[in-house]
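Contents: one structure, followed by commentary.
The values are calculated or read from the model by the stated rules, or taken from the named source; none is laboratory data. If you're wondering where the values come from, they're calculated on a predicted model, not measured in any experiment. All Cβ positions, glycine included, derive from the backbone under ideal geometry; neighbour counts span all protein chains shown.
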Amino acid sequence: MRDLWPFLKLFRRQGGRMALGALLMLVTLAAGIGLLGLSGWFITGSALAGLGLGVAGFNIFTPSAGIRAAALVRTAGRYAERLVNHEATFRLLADLRRWLFERALPLDAGQVARLTGGDLLTRLTADIDALDNLYLRVVAPSAVALLTAIGVLTPLGWIDPGVALAAAALMLVASVGVPALAGRLGAGAGRDLVQIGARLRTRAVDGIQGLADLRAFAADGRHLEALSRDTDLLIARQRRMSSITGLSAGLTMLAAGLAVWTALLLVVGEVERDRLDGPTAALAVFVVMAVFEATAPLPLAYQYLGRTRAAARRLLEIAEMPPGVRDPDQPAPPPGDFALRFEQVGLSHGTKTVIRDLSLELPAGRVTVLLGPSGAGKSTLARLALRLTDPDAGRVTLGGVDLRDLRQEDLHRHMAYVSQGTHLFAADIRDNLLIARPGATNAELWEALEVVQLADFVESLPDGILTWVGENGVLLSGGQARRLAVARALLKDTPVMILDEPTEGLDAATEAALMAELRPRLAGRTVLLITHRETLATGADIVRRLEDGFLLSTRS
């Protein structure tokens with residue numbers, strides 16, 4: 001249970017709702033047991049009184065009122081219990097997603113890159129959803145079953161100890177033995193469901209995102225075959241789980257049936273010996289029949305506990321991953337100067353050296369253009385400047401302060417970054433811009449669009465600035481998405497700006513117009529403009545060239 005303990009501790013946040021939900025579950029179950037027991041007692045007593053074999057003047061009003069009350073409580077309790085328990089579960093799942101995201105957020109790009117988009121999505125959705133089994137189907141029903149057994153079988157023992165003992169023994173079989181068997185049989189298939197399901201979702205997401213590449217390399221057929229194999233494996237495990245469900249349900253019904261027959265045989269003997277009257281005997285049998293409702297959900301819950309534990313382990317892989325970049329215990333105050341310096345910096349990825357003993361100064365208030373071919377290490381320098389990773393050797397400073405001595409939040413507050421893989425959210429253009437500055441006015445949004453040469457295009461859209469851009473900006477071209485990211489960086493209005501290939505995907509005329517509007521707005525900022533286009537070096541204060549991790553030439 002070690003895998004589940006961190007998640008059980010999170011339940012305390014919704015402890016009040018969960019306790020209320022369990023109480024309503026208990027009340028509903030008690031009302032159902034009371035309804036069936038009272039009905040059996042009432043019908044038997046009425047029949048005997050009608051035949052003249054019962055107590056003279058049998059009171060039909062009090063038990064009938066009790067039956068109606070139990071029916072109303074059961075109906076209202078079931079509705080309230082579902083409402084409260086599902087609200088608690090949804091809030092708990094939201095807490096779990098927030099908890100996981102908080103732990104994933106400090107991870108550096110290299111750590112996150114180990115998880116493909118589809119796998120990370122699966123962990124944040126399907127794996128967390130699998131944990132609803134923990135409270136709604138395991139913890140609460142187990143506690144309710146225990147309390148029900150104690151609360152019902154104890155008074156039943158006053159009526160007939162033999163019936164109570166027989167019911168307790170068979171309830172033990174139904175509530176412990178059958179769930180344990182179901183859990184053991186379903187553990188392997190449950191783990192497989194998580195692993196195969198995660199692989200299937202990852203293949204599906206990656207296949208959609210990489211469809212163009214798959215088609216270009218004629219690999220789409222092989223990808224479909226892999227999807228088909230995973231689908232067949234998933235269906236096979238689901239069939240096995242269905243078989244286990246049928247077996248455990250049959251065993252539970254068998255235990256309940258044996259309990260009822262045993263109770264019936266015992267009370268018949270007691271009635272024959274005049275130790276019990278007929279209505280009380282009927283009440284005992286019907287109570288035994290009803291009390292097994294408490295055990296009914298347990299086998300299925302424990303059958304899928306293996307799946308829950310497998311999902312929990314996958315979540316803990318992220319939650320327990322130590323961040324590659326940490327805030328200092330005693331952070332330095334944010335600097336007043338925004339000169340950025342790389343001092344004898346070295347960085348390797350595995351066995352490959354990316355940056356070698358590099359020293360570079362980006363003076364405050366000046367534009368530095370870094371040229372070089374793809375793979376030269378330019379984007380790595382941007383990641384070092386943002387402290388998305390730390391150098392293996394040397395240091396990077398802002399205003400003379402080592403970035404490792406600053407809180408990441410303080411550092412990023414003073415920096416705006418346009419990466420090559422800029423993400424646009426599935427929202428409208430306006431919302432994507434407001435991420436940079438939530439309080440920006442419409443005039444400021446349109447001004448930023450004017451600078452990046454997007455204002456005319458946005459005005460031509462049917463919904464204007466409220467146009468939906470789709471998942472990751474799919475409804476925009478690559479150049480339009482990149483320019484929208486530049487507009488977002490301008491709106492953030494920071495003293496340091498890092499622009500990685502800001503004009504990628506643009507034609508020469510649009511690039512020239514963009515840079516003409518952009519350069520005046522970069523004045524006074526510390527700017528690192530990364531590009532492989534020589535034309536962007538025109539008008540820059542400083543030009544550096546990087547190849548294979550070395551600065552080869554300079555121009556100031």
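Summed over the stretch 452-499, residues that are farther than 26 Å from I530 by Cβ and either aliphatic (A, V, I, L, M) or outside the structural domain of P520 (by TED's automatic domain parsing) (or both) total 5. Please verify whether the stretch 261-281 includes one or more residues that are among the hydroxyl-bearing types (S, T, Y), in contact (Cβ under 8 Å) with a residue 12 or more places away in the chain and either in contact with a Pro (Cβ under 7 Å, 6 or more places away or on another chain) or not assigned by TED's automatic domain parsing to the domain that holds L153 (or both). There is no residue in the stretch 261-281 that is among the hydroxyl-bearing types (S, T, Y), in contact (Cβ under 8 Å) with a residue 12 or more places away in the chain and either in contact with a Pro (Cβ under 7 Å, 6 or more places away or on another chain) or not assigned by TED's automatic domain parsing to the domain that holds L153 (or both). Of the candidates L153, L200, the single residue that is more than 30 Å from G37 (Cβ to Cβ), assigned to a helix (DSSP H, G or I) and in contact with a helix residue (DSSP H, G or I) (Cβ under 7 Å, 6 or more places away or on another chain) is L200. Please verify whether L156 is modelled with pLDDT of 85 or more and buried (at least 20 other Cβ atoms within 10 Å of the Cβ), treating the condition exactly as stated. Taking the combined requirement at face value, the residue satisfies it.
For A516, indicate whether it is without any contact (Cβ under 8 Å) to a residue 40 or more places away in the chain and either within 23 Å of G336 (Cβ to Cβ) or assigned to a helix (DSSP H, G or I) (or both). Judged against the criteria, A516 is a match. Does L388 qualify as being under 20 Å from G324 (Cα atoms) and under 27 Å from the mean Cα position of the chain (by Cα)? Criteria met by L388. Out of D232, D192, one residue alone is acidic (D, E), in a helix (DSSP H, G or I), at pLDDT 90 or above and buried (at least 16 other Cβ atoms within 10 Å of the Cβ). It is D192. When residues in the stretch 103-117 are screened for being at pLDDT below 70, over 21 Å from L381 (Cα atoms) and in a helix (DSSP H, G or I), 1 of them pass. Of all residues in the stretch 5-35, those being aliphatic (A, V, I, L, M), crowded, with 21+ Cβ neighbours inside 10 Å and over 15 Å from A94 (Cα atoms) number 7.
Of R430, R395, all but one fail to be surrounded by fewer than 19 Cβ atoms within 10 Å (Cβ to Cβ), in a helix (DSSP H, G or I) and of a type in the set (K, R); the exception is R430. Residues of the stretch 215-229 that are part of a helix (DSSP H, G or I), aliphatic (A, V, I, L, M) and over 22 Å from G197 (Cβ atoms): A216 alone. I'd like to check something: does the stretch 544-552 contain any residue that is surrounded by fewer than 19 Cβ atoms within 10 Å (Cβ to Cβ), in contact with a helix residue (DSSP H, G or I) (Cβ under 8 Å, 6 or more places away or on another chain) and either assigned by TED's automatic domain parsing to the domain that holds V418 or closer than 16 Å to S379 by Cβ (or both)? Within the stretch 544-552, not a single residue is surrounded by fewer than 19 Cβ atoms within 10 Å (Cβ to Cβ), in contact with a helix residue (DSSP H, G or I) (Cβ under 8 Å, 6 or more places away or on another chain) and either assigned by TED's automatic domain parsing to the domain that holds V418 or closer than 16 Å to S379 by Cβ (or both). Here the condition is being in contact with a His (Cβ under 8 Å, 6 or more places away or on another chain) and surrounded by 15 or more Cβ atoms within 10 Å (Cβ to Cβ); of L340, L371, L347, it holds for L371 alone. Filtered by the rule that a residue be among the aliphatic types (A, V, I, L, M) and in contact with an Asp or Glu (Cβ under 8 Å, 6 or more places away or on another chain), the stretch 194-218 gives V194, I196, A198, L200, L211, L214. The residues listed here are A65, A76; of these, the one that is at pLDDT below 90 and not in a loop (DSSP other than H, G, I, E, B) is A65. When the stretch 400-427 is filtered for residues that are outside any loop (DSSP other than H, G, I, E, B) and charged (D, E, K, R), the ones remaining, listed by number, are D402, R404, D405, E409, D410, R413. Count of the stretch 255-283 residues, restricted to those that are over 16 Å from L165 (Cα atoms), within 53 Å of the chain's Cα centre (by Cα) and surrounded by fewer than 22 Cβ atoms within 10 Å (Cβ to Cβ), is 1. Mind checking whether some residue in the stretch 150-165 is farther than 21 Å from F286 by Cβ and either touching a residue at least 24 places away in the same chain (Cβ under 8 Å) or more than 28 Å from the chain's Cα centre (by Cα) (or both)? No. Residues in the stretch 480-504 that are out of contact with any Pro (no Cβ under 9 Å at 6 or more places or on another chain) and among the small types (G, A, S) were compared, and the one that is nearest to L445 (Cα to Cα) is A487. Taken over the stretch 205-229, the criterion of being surrounded by 17 or more Cβ atoms within 10 Å (Cβ to Cβ) and among the hydrophobic types (A, V, I, L, M, F, W, C) is satisfied by V205, L214.
I'd like to know if the stretch 242-249 contains one or more residues that are assigned by TED's automatic domain parsing to the domain that holds G183, at pLDDT 90 or above, within 19 Å of G34 (Cβ to Cβ) and not β-branched (V, I, T). No, the conditions are met nowhere in the stretch 242-249.
Being in contact with a helix residue (DSSP H, G or I) (Cβ under 6 Å, 6 or more places away or on another chain) and surrounded by fewer than 19 Cβ atoms within 10 Å (Cβ to Cβ) is a property that G473 lacks.
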